[in-house]
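A single structure is presented below for examination.
Values quoted throughout were computed directly from the atomic coordinates according to the rules given, and no laboratory measurement underlies them. Here the structure is a predicted model, which is why all the values come from computation and not from measurement. Using ideal geometry, Cβ is built from the backbone for each residue, glycine included, and neighbour counts are taken over all protein chains shown.
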């Protein structure tokens, strides 16, 4: 528990402000992150199976963000990103 007198005024930094026209919001006003492009490919080798992965660049409100996704699942959801070929990464990480 605390008393209201302990609160201090907060001054936001200007660089943290994002123009509203740059935000992609859905009908419930949630930020929608969309994949921008595939920047790499990799095959993860398990004991008896190989899992193709793609490294995806997202438009994120936090700046540049990359994630590794399963290629088969990602291709079903975003087939338009697979029109161009991306080179296969040699090192699995």
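If you stretched the chain out fully between residue 65 and residue 32, how much longer would it get, using 0.36 nm times the residue separation minus the C-alpha to C-alpha distance?
10.5 nm
For the pair residue 8 and residue 25, how long in nm is the line joining their label points, each one 7 Å along Cα→Cβ?
For residue 8 paired with residue 25, the spin-label model returns 3.1 nm.
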